[in-house]
Amino acid sequence: VDALDFSSQAMYDFLAAGDTTKATMHNRVSALRALAQILALIGDERAKLNYELLKKFKNYPAPTVAATNRERVKVALTPAQAHRVLRVWADDLLGDASDKLLETRNTALIAVLAYTAIRRAELGELRWNDINLETGVIHIRHGKGDKERDVSIVGDFAVEAMHHWQQVQAARAGQRDIVFCSVAKGDKLGADKPLNLRAVNQIIDATGQRSGVE
């Protein structure tokens, strides 16, 4: 098969041979559609026709049972569960610069994830210069596909949690570049370096265990 054959039958055969979930099929068609668009801009009438056909492609094969079983189950938290998750780290905080670093950081981190829906990897890379707490807007410099975008912080809880963390962080270590850095044993601030994805996931897991919410 020609690698640039964007006929419906070729698309169907390609997707059916992949043994992937429905979400992955959609992602693959989206990527191929982007390629077809480029070819339509630089190619002939056939390339333009292929792109128009691919834009209308909806003939997705049914995923196999094995692929369907690999689909991630998405479960929304109840309001009561969300309340516990968001506030579980803040239970013992004092409300000033003498607060515990770990609890203050984690309260802000979980709140930002919940009230902006940014990706975990993006969260670990956040810098204070990219956040405007007055307007409640965060600028993501390197998002998915290395694209930039702005995201809004919904509501006051996350903004207040971020303000609090910024004050505590500055009181302990002065002006910092990275928003969410590590916290070492003995309630000591780690280096001014981004959290990696593993560290963010560990905080999320610890939040679930502490709050009793899976």
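The values are calculated or read from the model by the stated rules, or taken from the named source; none is laboratory data. The structure presented is a predicted model; accordingly, all values stated were derived computationally and were not measured. Here the Cβ is made from the backbone with ideal geometry for all residues, glycine too, and neighbour counts use every protein chain on show. Surface accessibility is based on the protein's heavy atoms, side chains included, excluding ligands, DNA and RNA. Shrake-Rupley method; radii C 1.70, N 1.55, O 1.52, S 1.80 Å.
Accessible area per residue, 1.4 Å probe, Å², for the chain: what's the number?
That works out to 61 Å² per residue.
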With springs connecting C-alpha atoms under 10 Å apart, model the chain as a Gaussian network and identify which of Pro194, Pro63, Pro79 has the largest mean-square fluctuation. Pro63
Global geometry of the range 39-146, whether rounded, prolate or oblate, following the gyration tensor of its Cα atoms and the 1.5 cut on a/c: oblate
In whole percent, the fraction of accessible protein surface over the chain that belongs to carbon or sulfur atoms, probe radius 1.4 Å, stands at 52
Quick one: Karplus J couplings for the range 77-90, per residue in order, coefficients 6.51, -1.76, 1.60, θ = phi - 60°, nearest Hz, x for Gly and Pro? 6, 6, x, 5, 5, 4, 4, 5, 4, 5, 10, 5, 7, 8
Taking only Cα atoms and a 10 Å spring cutoff, compute GNM fluctuations for the chain and point out the largest among Thr20, Thr135, Thr107. Thr20
Mind listing the long-range amide H neighbours of Leu189? Cut-off is under 5 Å, sequence gap 5 or more, other chains count too, H placed in the peptide plane at 1.01 Å from N. Ala184
For Thr64, list long-range residues whose amide hydrogen, built 1.01 Å from N in the peptide plane, is under 5 Å from its own amide hydrogen. Thr20
For the range 197-214, take each phi angle, set θ = phi - 60°, evaluate the Karplus expression 6.51 cos²θ - 1.76 cosθ + 1.60, and give the result in whole Hz per residue in order, putting x for glycine and proline. 4, 4, 5, 4, 4, 5, 5, 5, 4, 5, 5, x, 5, 5, 8, x, 10, 6
Please identify, among Gly186, Gly143, Gly18, the residue showing maximal mean-square fluctuation in a Gaussian network model of the chain using a 10 angstrom Cα cutoff. Gly18
Short version: what are the Cα gyration tensor semi-axes of the range 75-214, square root of 5 times each eigenvalue, largest first, in whole Å? 20, 19, 15
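Charges at C-beta only: +1 for Lys and Arg, -1 for Asp and Glu. How large is the resulting dipole of the chain about its Cα centre, in Debye rounded to 20?
400
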Per-residue [θ]222 nm for the chain (sum of -39500 (n - 2.57) over DSSP H runs n ≥ 4, rounded to 500): -15500 deg cm²/dmol
For the range 172-214, rounded, prolate or oblate, judged on the Cα gyration tensor with a ≥ b ≥ c (square roots of eigenvalues), a/c < 1.5 rounded, else prolate if a/b > b/c? prolate
Could you name the aspartates and glutamates whose alpha carbon sits less than 20 Å from that of Lys48, not counting residues in the same chain fewer than 8 places away? Asp2, Asp5
Pairwise label distance in nanometres, Trp128 with Asp44, each label 7 Å out on the Cα-Cβ vector: 6.1
The ³J(HN,Hα) series, computed from each phi in the range 133-141 with the Karplus coefficients 6.51, -1.76 and 1.60 at θ = phi - 60°, rounded to the nearest Hz and given as x for glycine or proline, is 6, 6, 9, x, 10, 10, 9, 8, 7
Helix 45-55: angle to the longest alpha-carbon principal axis of the chain, degrees 0 to 90, nearest 10? 50
Compute the distance from the alpha-carbon center of the range 40-111 to that of the range 171-205, in whole Å. 23
